[in-house]
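To start, the structure itself, in structure tokens.
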Amino acid sequence: MLNAPGESVAIEPIAFDDLGDDEILVRLAASGVCHTDLHVKNMNGWGMAFPILLGHEGAGVVEHVGRAVTSVRPDDRVVISWRVPCGACAICRRGDPVLCQTQRVAQPRVRRARDGQHLARVLSTGTFATRTVVDAAQAIPVPRAIPLDKACLIACGVVTGVGAALNTAKIRRGSRVAIIGCGAVGLSVVQGARIAGADRIVAVDLTPQKLEWARQFGATDAVDARSGDPVEAARAAAGGPLDYAFEVVGLPATIAQAVGMVGY
């Protein structure tokens, strides 16, 4: 947990309130580490409350369920989503819970054991713990064949990247795609482009190891951004302007590069 912005992360015992009717207790098996948690620790630009339980890429096993829960049962293996869709509105019913406009608010159920202080939780999850309480709508069942230390990555990084490629951009088969930044999210964009059937997938990064990983995930070409103009290099690798360019770094310079890669 983090007791105040900028402090060192503390490891402390926690306790739980009784479950609400729509809530579940999950024994966490694994959690990914996302830069969002570092933002909370170092800057807290979102104005989150403290003390706070960090972590939002978790997977584990359901231990207990509230009285109204029917979607999961004890011993189910789940990935924890950080959205809390209502499940009842027209948007949820049509299969787009990520767009739910009436999502439920996660209730404070986790306490710091030494003084009983309720803990806020990053994105209503708090997965840097042995257990956490979430709304049942956040628990996505996964097959037992999927290792939980891999499944946890789906909770944020993988769906962000693959979703950007398949659901937001809707990459067309045979197209030319560039991805600037080959961290976890960027590599997931690479996978999304491969799944979509892109003809050329150009990975751009400063780190040779990440470019090698990008090739393993499906990139057809790799551009070392330290060598020359990455815009020209990406266009040359693709045989012309890119149809799609994904910027997965978050800097003004790389955003400008992505714009320069597309168009005719």
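The values are calculated or read from the model by the stated rules, or taken from the named source; none is laboratory data. On a predicted model such as this, the values are computed, not experimentally measured, just so you know. FYI the Cβ positions are ideal-geometry reconstructions off the backbone, even for glycines, and counts take in every protein chain you see.
For the stretch 187-194, the criterion of being modelled with pLDDT of 95 or more and in contact with a Cys (Cβ under 8 Å, 6 or more places away or on another chain) is met by at least one residue.
Inside the stretch 89-107, can you point out the residues that are under 24 Å from Thr132 (Cβ atoms) and among the small types (Gly, Ala, Ser)?
At the first step, the residues of the stretch 89-107 found to be under 24 Å from Thr132 (Cβ atoms) are 92, 97-98, 100, 102-107.
Residue satisfying the conditions is Ala106 alone.
What is the residue count in the stretch 96-138 for residues that are in a loop (DSSP other than H, G, I, E, B) and either touching a strand residue (DSSP E or B) at 6+ places or on another chain (Cβ under 8 Å) or charged (D, E, K, R) (or both)?
To start, the set of residues in the stretch 96-138 that are in a loop (DSSP other than H, G, I, E, B) comprises 96, 100-109, 113-117, 119, 125-130.
From the residues that got through so far, the ones that are either touching a strand residue (DSSP E or B) at 6+ places or on another chain (Cβ under 8 Å) or charged (D, E, K, R) (or both) too are 96, 104, 106-109, 113-117, 119, 125-130.
The qualifying residues number 18.
Number of residues in the stretch 9-34 that are of a type outside the set (Val, Ile, Thr) and touching a helix residue (DSSP H, G or I) at 6+ places or on another chain (Cβ under 9 Å): the value is 8. Only residues that are among the basic types (Lys, Arg) and free of Cβ contacts under 8 Å to residues at least 40 places away in the same chain were counted across the stretch 87-144, and they come to 2. The set of residues in the stretch 108-125 being within 21 Å of Thr36 (Cα to Cα) and either touching a helix residue (DSSP H, G or I) at 6+ places or on another chain (Cβ under 9 Å) or not charged (D, E, K, R) (or both) consists of Pro108, Val110, Leu119, Ala120, Val122, Leu123, Ser124, Thr125.
Of the residues Ala198, Ala184, which is under 17 Å from the mean Cα position of the chain (by Cα), of a type in the set (A, V, I, L, M, F, W, C) and assigned by TED's automatic domain parsing to the domain that holds Gln257? So that I can check it myself, show each step before the final result.
Values: Ala198 fails: under 17 Å from the mean Cα position of the chain (by Cα).
Result of the check over Ala198, Ala184: Ala184.
Considering the stretch 8-51, and only residues there that are touching a residue at least 12 places away in the same chain (Cβ under 8 Å) and among the small types (Gly, Ala, Ser), the residue that is nearest to Leu119 (Cα to Cα) turns out to be Ala49.
Output the residue which, of all residues in the stretch 111-136 that are over 17 Å from the mean Cα position of the chain (by Cα) and within 20 Å of Ala68 (Cβ to Cβ), is surrounded by the most Cβ atoms within 10 Å (Cβ to Cβ). It would help to see each step written out before you state the result.
Within the stretch 111-136, the subset over 17 Å from the mean Cα position of the chain (by Cα) is 111-120, 129-133, 135-136.
Then drop every residue that is not within 20 Å of Ala68 (Cβ to Cβ), which leaves 132-133, 135-136.
Values: Thr132: 28, Val133: 24, Asp135: 25, Ala136: 22.
Across the stretch 111-136, the extreme among qualifying residues is Thr132.
Screening Val142 on (1) farther than 22 Å from Glu57 by Cα; (2) aliphatic (A, V, I, L, M); (3) surrounded by fewer than 20 Cβ atoms within 10 Å (Cβ to Cβ); (4) touching a Lys or Arg at 6+ places or on another chain (Cβ under 8 Å) shows it passes everything except condition (1).
Can we say Thr160 is of a type in the set (S, T, N, Q) and crowded, with 24+ Cβ neighbours inside 10 Å? Working first, answer last.
Working: of a type in the set (S, T, N, Q): yes; crowded, with 24+ Cβ neighbours inside 10 Å: no.
It is false that Thr160 is of a type in the set (S, T, N, Q) and crowded, with 24+ Cβ neighbours inside 10 Å.
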